[in-house]
1. Mind running the shape call on the stretch 24-82? Use the C-alpha gyration tensor, a ≥ b ≥ c as the square roots of the eigenvalues: rounded below 1.5 for a/c, prolate if a/b tops b/c, oblate otherwise.
2. Can you give the local net charge around Ser82? Use residues other than it whose beta-carbon is closer than 12 angstrom to its beta-carbon, Lys and Arg +1, Asp and Glu -1.
Amino acid sequence: MSVRYTLTVTPNTLLSPGHSQGEVRNSWAFAVIKTDGSVVTWGYSDDGGNSTAVASALAGEIDVTQIYSTNYAFAALRADGSVITWGDSDDGGNSTAV
């Protein structure tokens, strides 16, 4: 029995060395903006690889337009100007005080 797979390739422009369009990394995790404006993360959970605490804010209801990182956290700028942070709270992952 022969199994056939379909491969879809989406061009992804390199913006700078080690970073493709929509993809950002820090020392221990990665975050990517998907085409629907939502964000997916992976890597070391304490340093931004786990974004379940802010999952509803990153789900794409309000598009994420840019992601920024520190060594251990991420910040997502959304189309409405709001910012969502996650990762190590001592390194920018908690912005509840601002």
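Values quoted throughout were computed directly from the atomic coordinates according to the rules given, and no laboratory measurement underlies them. Every value quoted in this text rests on a predicted model; they were computed, and no experiment measured them. With ideal geometry, Cβ positions are generated from the backbone for all residues, glycine too; neighbour counts draw on all protein chains shown.
1. prolate
2. Working: positive: Arg78; negative: Glu61, Asp63, Asp80.
Here the count lands on -2.
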